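I have placed the structure first, in the form of structure tokens, so that the comments after it can refer back to it.
Derivation of every value follows stated rules applied to the coordinates shown; laboratory data play no part. Every value quoted in this text rests on a predicted model; they were computed, and no experiment measured them. As a convention, Cβ positions derive from the backbone with ideal geometry for all residues, glycine included, and neighbour counts pool all protein chains shown.
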Amino acid sequence: MKLQVVWFKRDLRWEDHAPLAAAVATGQPVVALLLHEPSLWGQPVYSNRHGCFEYESAAELHATRPLLGSSVTVAGRPTAPDTETLGRETSSDAAEGRETRSDAAEGRRHLPFFYLAAEATEAFEALEAFAGIPIGSVFSHQEIGIETSFARDRHMQKWFTERGISWHESPYGSVRRGLKRRDDWNAHWNEVMFKEPLMQANWALGQAWKPSAEWIDWAHAHQVERPAREAGVAQSGGAAWGHRYLQSFVAGGRGRGYMAHISKPESARNHCSRLSPYLAWGNLSLKQVVRNLAETRSGELLSTRDARAFASRLRWREHFIQKFESESRIEFEHVNRGYNQQMFNTNSTHLNAWKQGQTGVPMVDACMRSLNETGYLNFRMRAMLVSFGCHALNLHWKDLSAHLAQQFLDFEPGIHYPQLQMQAAVTGVNTVRIYNPVKQAEEQDPHGAFIERWVPELTPLPMPFRAAPWMLTEIDCVGYGIQFGTDYPAPLVDLTKALRDARIRLYGAKKRPEVRAEKNRILEMHVGTQRTKRT
Ligand SMILES: Cc1cc2nc3c(=O)[nH]c(=O)nc-3n(C[C@H](O)[C@H](O)[C@H](O)COP(=O)(O)OP(=O)(O)OC[C@H]3O[C@@H](n4cnc5c(N)ncnc54)[C@H](O)[C@@H]3O)c2cc1C
């Protein structure tokens, strides 16, 4: 008998989970681990709100552990998730792996699941010492993460090999490790999403490992502490929540008018799917979402146009993650090395004002404040925040990166870095998009309601002054009872001039021979012979 370990990464679900299915199919004792590694969580891209989402997901995993050796009980979809209760159960119970509902008489036991604050080597060393039987194999998904997690994986690969433990890594969706050319990428995506079965474990075949007293003591000492929940962040972690968001969008009417609302910061919160954190933390697999859409598309609740637009975004998701997998240096460097000589501002006053939503440009400040408070912002407004930081203020995208990553509840390295660079116009491949925040306010928030909600100090002003208060004369300000620089900051830059300068700078740079040479290399690597709208 050898112990089979399922190592959860960013795939926090029981359903459609290839590593879990493979481990259970061995018929050998199985244990599941989720590690909250201090070296990873200490990186500046992670924040308390991510920790909370992970904790809630872990609590749900614990509360819904499958019964192994049973053909009747399936795991994965609790109803009526109450994250408060789930969380309490975890803190008292999960680290101990206590069997609460097992039916030993009939040979059924819950799959032991441990959520531990420990480095990977530390946890596997303890398991090796206290398991009572040798570790045979470890099963996990390939992690398309930041350099810290990739370095940990390289280290663990060596560690497992030295001990004769085999590590089986399943691909992350359609993403292929180290892919250098994209020629059959679309066909491969279709194959994975529509032809491969959902990877459901056969619980009846499984055998649960019985944790030793030493391991339980060790696990107890490494319990993850429950992080405090931020009041403004509405989305809770867990597959049950993910399925609710999915159902209410695809079949519940929330997705009606998806494309009409997608760029509007207020209504996008309801009419977009809001599935991104559930996909980023793996509460749902992309395949589950794609299949659900294909099966339930009715043409009534989600129009054909909206369903198509949503489906393309689901495809873009792994298109971007594949880019990052193929060229992960872009966590630190421009994808297009032709921009290496480009000069950027390092004005920390501007950077801090941008982070805090105090730039003096209302639409920018409203978007940043809403993101900082709630963890969500729609695509267009994310792009506008980056455009303002990188173009109007000429800050380096790297200076914006960690703050945005911390604030986005759905932080996904494989989308974050390519998107950040695309919006910062350092790819040399994509159309340069310089968003004018005043125009965005006129188009996407015509009555100024979103600005009013997040920048209440401008409430006395009507549109269009609410979006561009610098247009007011001094006497107008007195009339509206607003004092610039006191009630609301004056703009950091003259917007018209700053955007004009950016246009000259960016279009000039795009023509440079070194940028064009790199453009061809990038197209060859990330597009190949494929043609998609999103390159
Ligand atoms: C600078 C910047 C950083 C971003 N960082 C992230 C990130 O860390 N994590 C993340 O999930 N998305 C990121 N996005 C993409 C996009 O903004 C979000 O996926 C989307 O707003 C999430 O809301 P939703 O789930 O309601 O999306 P919907 O419009 O309902 O789309 C459904 C799903 O498709 C995928 N998707 C949608 N738009 C894109 C896109 N442009 N590129 C790739 N996949 C897409 C997401 O998984 C999303 O959940 C970023 C965009 C920008 C401009």
What order, most packed first, do the peptides 505-511, 469-475 have when packing is the mean number of other Cβ atoms within 10 Å of each residue? 505-511, 469-475
Using a 10 Å cut-off on Cβ atoms, rank the peptides 53-59, 497-503, 335-341, 315-321 from the highest mean neighbour count down. 53-59, 315-321, 335-341, 497-503
Ranked highest first by the average count of other Cβ atoms within 10 Å around their residues, in what order do 165-176, 210-221 fall? 165-176, 210-221
Fraction of antiparallel bridges per DSSP, the chain only, in percent to nearest 5: 15 percent
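Report the convex hull volume per residue for the chain, counting only C-alpha atoms, in Å³.
Spread over its residues, the Cα hull of the chain gives 152 Å³ apiece.
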If you filter the range 383-444 for chymotrypsin sites (Phe, Trp or Tyr not before Pro), then keep DSSP loop positions with at most 14 other Cβ within 10 Å, what is left? none
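Run lengths n ≥ 4 of DSSP H only: what is the helix-derived mean residue ellipticity at 222 nm for the chain, with -39500 (n - 2.57) per run over all residues, to the nearest 500?
-13500 deg cm²/dmol
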Taking a straight Cα-to-Cα line shorter than 12 Å from Lys510, and setting aside same-chain aspartates and glutamates fewer than 8 residues away, one finds Glu518
Nearby lysines by direct alpha-carbon distance to Lys2 (threshold 21 angstrom, same-chain neighbours under 8 apart not counted): Lys158, Lys210
Points 7 angstrom from Cα along the Cβ direction at Lys158 and Ala129: gap in nanometres? 2.2 nm
For Lys497, which aspartates and glutamates qualify as cross-link partners when the Cα separation must be under 17 Å and same-chain residues fewer than eight apart are set aside? none
Take the cross-link list Lys195/Lys323; Lys323/Lys519; Lys264/Lys323; Lys355/Lys398 and give me the ones stretching past 19 Å between alpha-carbons. Lys195/Lys323; Lys264/Lys323
Could you tell me the center-to-center distance, by alpha carbons, between the range 103-172 and the range 468-507 in angstrom? 55 Å
